[in-house]
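The values are calculated or read from the model by the stated rules, or taken from the named source; none is laboratory data. The shown structure was predicted, so the numbers you read here are calculated from the model rather than taken from an experiment. Neighbour counts run over all protein chains shown; Cβ positions are idealised from the backbone, glycine included. With ligands, DNA and RNA removed, areas are computed over all heavy atoms of the protein, side chains included. Shrake-Rupley method; radii C 1.70, N 1.55, O 1.52, S 1.80 Å.
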Amino acid sequence: MRTSIATVSLSGSLTEKLTAASRAGFDGVEIFENDLLASPLTPEEIRARCADLGLSIDLYQPMRDIEALPEEEFARALRRARHKFELMGRLGADTVLVCSSVSPHALDDDALAAEQLSRLAGLAEDHGVRVAYEALAWGRHISTYDHAWQVVKSADHPALGTCLDSFHILSRGSDPKGIEDIPGEKIFFLQLADAPLLAMDVLQWSRHYRCFPGQGGFDVAGLVRHVLRAGYRGPLSLEVFNDVFRQSEAGPTAVDARRSLLTLQETVGLAAPPAPAPVSD
């Protein structure tokens, strides 16, 4: 399967991150909005740079606090979304990550969340964009993947699907077997991260202690098996927030990240392990 990495997982400027990802052998990247805003390059120049490096832009992220809002707040959110979709057109990205709301204005109303996500998806479709809706583990009203999927299912829009994130699912102790009940074509994106098993605030755990698959205590391989059984055929993408990685050189970190995905693919049966080296006399 194709492999991708979020730019937030690596240190340095956006250009340095893209170069490191390409040299490590990744097929694509997730562009984190802060990296784009900090770059002196225009979206068109970033698009061209990725093309030169052989990288696709698989995801633009994040879009926050969109759903289940009072109408006046939602109208403002749609205006914000329109600007993002126009920027994505310049960037050449066709999928946006929308995180479940943490806004104090968000209402505990699944029907309203579904209706507004459908309207957002309609606007996205007009711009050639798909919306991948993800349940944050600390979401105000929607914090589990199965709840997020029920809202997406209810919204019933072709440009709206779900994004599954191994950290958000496994940090809450959710059973990933239910992923197999989601149609593969409605899983728009898969983000992967491991983490040490810690007893702490989940937001701080997420923002500082994620690691690459196989380096922590989560059963990331088991989750991936469920996602594959559901029929997902998109990229395996790493989204790792880690203070050590953000202070390390991007090149070696990207190589380590890519190696973790190769090992993961071998573990779940997507790739065969390398043949043993011949023994010389």
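So how far apart, in nm, are the two label points at Asp243 and Asp201 if each is 7 Å from Cα heading toward Cβ?
1.3
Shape of the stretch 55-179 from its Cα gyration tensor (a ≥ b ≥ c, root eigenvalues): rounded if a/c is under 1.5, otherwise prolate when a/b > b/c, or oblate?
oblate
Within the stretch 174-230, what whole-number % of the accessible surface is contributed by carbon and sulfur, with the 1.4 Å probe and all protein chains included in the calculation? Intermediate values should be presented prior to the final figure.
Working: 1240 of 2400 Å².
With neighbouring chains kept in place, the figure for the stretch 174-230 is 52 percent.
How much length is gained if the chain between Asp108 and Leu78 is pulled fully straight, taking 0.36 nm per residue apart and subtracting their Cα-Cα distance, in nm to one decimal? Write down the numbers at each step before the final one.
On the way: separation 30, 0.36 × 30 = 10.80 nm, distance 1.95 nm.
So the extension gain works out to 8.8 nm.
Once a ≥ b ≥ c are taken as the square roots of the eigenvalues of the Cα gyration tensor of the stretch 133-281, is the result rounded (a/c under 1.5), prolate (a/b larger than b/c) or oblate (a/b not larger than b/c)?
Oblate, since a/c reaches 1.5 and b/c is not below a/b.
Enumerate the lysines that Lys153 could reach by cross-link, defined here as Cα to Cα under 21 Å, with residues fewer than 8 away along the same chain left out.
Correct list for Lys153: Lys177, Lys186.
Can I get the semi-axes of the stretch 108-149's equivalent ellipsoid? Compute them from the C-alpha gyration tensor as square roots of 5 times the eigenvalues, in angstrom, largest first.
21, 12, 7
So, R0 is 35 Å and r is the distance between the beta-carbons of Asn34 and Glu185; what FRET efficiency does that work out to, to 0.05? Mind showing how you got there, number by number?
Numbers: r = 31 Å, r/R0 = 0.87.
Efficiency, rounded to the nearest 0.05: 0.70.
Stokes-Einstein D for the stretch 178-263 at 25 °C, 0.890 mPa s, Kirkwood Rh over Cα pairs, in µm²/s?
It diffuses with D of about 176 µm²/s by this estimate.
Go through 166-172, 238-244 and give me the packing order, highest mean Cβ count within 10 Å leading.
Highest mean packing first, the order is 166-172, 238-244.
I'd like the antiparallel share, as a percent to the nearest 5, of DSSP beta bridges with both residues in the chain.
5
How big is the Kirkwood radius of the stretch 1-102, worked out from every pair of different alpha carbons and given in Å to one decimal?
It works out to 14.3 Å.
Could you go through the stretch 134-151 in sequence order and give the Karplus-derived ³J(HN,Hα) for each residue, using 6.51 cos²θ - 1.76 cosθ + 1.60 with θ = phi - 60°, rounded to whole Hz, and x for Gly and Pro?
Calculated HN-Hα couplings, in order: 10, 7, 6, 4, 10, x, 5, 10, 10, 9, 10, 5, 5, 5, 4, 5, 4, 5 Hz.
Full extension from Leu270 to Glu125: what is 0.36 nm times the residue separation minus their Cα-Cα distance, to one decimal in nm?
Result: 49.0 nm gained on full extension.
Could you order the peptides 205-212, 194-201, 173-180, 28-35 from most to least packed, using the average number of other C-beta atoms within 10 Å per residue?
28-35, 205-212, 173-180, 194-201
Place the peptides 39-51, 128-140 in order of packing, highest mean first, counting for every residue the other Cβ atoms within 10 Å and averaging per peptide.
128-140, 39-51
P(r) for the chain: what percent of alpha-carbon pairs falls in each 5 Å bin, starting at zero?
Once binned at 5 Å, the Cα pair distances of the chain give 1, 6, 13, 17, 19, 18, 14, 8, 3, 1, 1, 0, 0, 0, 0, 0.
For the stretch 254-268 and the stretch 19-98, what is the separation of their Cα centres, given in Å?
Cα centres, the stretch 254-268 to the stretch 19-98: 25 Å.
By the scheme Lys and Arg +1, Asp and Glu -1, what is the net charge of all other residues having a beta-carbon under 14 Å from that of Leu197?
0
With springs only between Cα atoms under 10 Å apart, run a GNM on the chain and tell me which of Leu270, Leu236, Leu91 wobbles the most.
Leu270
Under 5 Å between amide hydrogens, which residues at least 5 positions from Asp194 or on another chain qualify, with H placed 1.01 Å from N in the peptide plane?
Cys211, Phe212
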